[in-house]
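The values are calculated or read from the model by the stated rules, or taken from the named source; none is laboratory data. The model shown is predicted, which means the values in this text are computed figures rather than measured ones. Ideal geometry is used to build each Cβ from the backbone, glycine not excepted, and the neighbour counts take in all protein chains shown. Ligands, DNA and RNA are excluded from the accessible area calculation, which covers all protein heavy atoms including side chains. Shrake-Rupley method; radii C 1.70, N 1.55, O 1.52, S 1.80 Å.
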Amino acid sequence: MARPGRKRPGEPGISTLGVHGGGEELRVGDPVVPPIVQSATFLWGSPDDDGELRYSRYGNNPNQAQVGRKLAALEGTEEAVVLSSGMSATAMTVMALTRTGEHIVASEHLYGTTKALLAEELPRRGIEVTFVDADNPREWRRALRPTTRLVFLEAPTNPTLRVFDPRPVAAMAHEAGLVLAMDATFASPVNLRPAALGVDVVIHSATKYLAGHSDVIAGVVASTRGVVKEVTRAMRLYGPAPDPMACWLLDRGLRTLDVRVRRQNENALTLARWLEGRPEVERVLYPGLESHPDHAVAAELMEGFGGMLSFVLAGGGEAADRFMAGLELMLVAPSLGGVETLVSQPRYTSHVGVSRADRERMGIPDGFVRVSVGVEDVEDLRADVEQALGPTRRP
Ligand SMILES: *Cc1c(COP(=O)(O)O)cnc(C)c1O
């Protein structure tokens, strides 16, 4: 049976949309690849001309508009707007949809900077946020107030790769007349299409899988025409518009989104299964493994289980340090979603400010290693992991 949100007969598939989605009809002599329109402003003329004022902070530069249309096609939403980063996508969504005195209910499992924005920055501006255990529908409901406007979810989560079902959260939000926004960066539209599951506002750090080459910072908000208009208005006021070159790179990345992510999914599943059989490894976290707490939800909702994989080394923090130092092919770096495999330890990166005891409670003990699996040959990746695991056995 088709997964919820998958393509219906007659609709172009994700690969086709990644190449052609949102494109305009070409005439003989037109370039096959949209040129980079590296211009801040555009001739206006007179009030009698077609009236739209074009300016590259407004989001109506041709590169911004073209990649926005492609992303809307990929997400299955009416419209999408590209912004200068994933964080500006989230921040402008909040600015567009809430005001001082209003309230947000958010999952406690959030990307570190999103958590800081919601927990520290917004309250200073008079917007209150309640964090809930995303696993517990009753907690979501209990957190609602008369002033609640926005519900915020993220999945899969960093770094334990929890996959929360957005459908019950969407049902609760809609019953209360609220908007559900979801950061689906770790999935990409290849693995998950949140709009088809009831999510009103889909947010991505396009820096990751969408652009896919670790060479651009960008974000996207995909939603209804009305919400995208409001987010675009916030972008015009606060200013985080993307550069035309960044939009062009994002479009270039999207052309191979499906083939990249499929390969990353295959590589990640192969490595996850192999790691599960290794004595140096205490635990492997990958939604595609039956041992993962959310395997059933992931199998129902996702097509492919993503390119992110985490594991815990039996030897703890020292073993993880030795493992990282021993890697020859995989690169030790934060961020994710690029064609190259990147490895990090959350205790040094996303969770550097969190105490060891709190990290343990969150399921991120010392020895926890996160891998953004790339598109390299999986045998080379496996061999690198195997040789780097060697030193972790030392007492
Ligand atoms: C990276 C990331 C962000 C922030 O994106 P930037 O492009 O770095 O601003 C937000 N959410 C998630 C889940 C991310 O991985």
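Below, the figures for the structure above:
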read-out: Where GluC sites (Glu not before Pro) fall in DSSP loop in the range 267-358, at most 16 other Cβ within 10 Å; value: Glu290, Glu328, Glu340
read-out: Extended-chain gain in nm, criterion 0.36 nm per residue less alpha-carbon gap, Ala314 and Arg359; value: 14.6 nm
read-out: Spin-label pair Arg124/Ser335, simplified geometry with 7 Å Cα→Cβ offset, distance in nm; value: 2.6
read-out: Dipole magnitude (debye, nearest 20) for the range 1-108, charges at Cβ of Lys, Arg, Asp, Glu; value: 480
read-out: Span from the the range 213-237 Cα centroid across to the the range 110-144 one, whole angstrom; value: 21
read-out: Accessible surface, per residue, of the range 293-341 when the full set of protein chains is kept, probe 1.4 Å, Å²; value: 36
read-out: Residue-averaged 222 nm ellipticity for the chain, from DSSP H runs of 4+ at -39500 (n - 2.57), nearest 500; value: -10500 deg cm²/dmol
read-out: Number of Lys pairs (Cα under 23 Å; 8 or more positions apart or on different chains) in the chain; value: 4
read-out: Among Ser88, Gly338, Gly307 - extreme Cα towards positive end, dipole of the chain, charges at beta-carbon; value: Ser88
read-out: Point-charge dipole on Cβ atoms (K/R +1, D/E -1) for the chain, about Cα centre, debye to 20; value: 620
read-out: FRET efficiency, Ala296 to Asp377 (Cβ-Cβ, R0 45 Å, nearest 0.05); value: 0.90
read-out: Separation in nanometres of the label points that stand 7 Å from Cα toward Cβ, at Leu327 and Asp133; value: 3.3
read-out: Chain lengthening between Glu24 and Ala116 when straightened (0.36 nm per residue, less Cα-Cα); value: 29.1 nm
read-out: For the range 246-275 and the range 41-93, distance of Cα centres in Å; value: 26
read-out: Among Leu254, Ala187, Tyr209 - extreme Cα towards positive end, dipole of the range 158-287, charges at beta-carbon; value: Leu254
read-out: Arg141 paired with Thr224, simple spin-label distance in nm, labels 7 Å along Cα-to-beta-carbon; value: 2.4
read-out: Between the range 321-395 and the range 150-201, the Cα center-to-center distance that results, in Å; value: 27
read-out: Sulfur and carbon atoms: percent of accessible area, the range 103-242 [1.4 Å]; value: 49
read-out: At R0 = 56 Å, FRET efficiency that the Cβ-Cβ distance of Arg393 and Thr100 yields, to 0.05; value: 0.50
read-out: Net lengthening on full extension, Arg233/Val352 (0.36 nm per residue, minus Cα-Cα); value: 39.3 nm
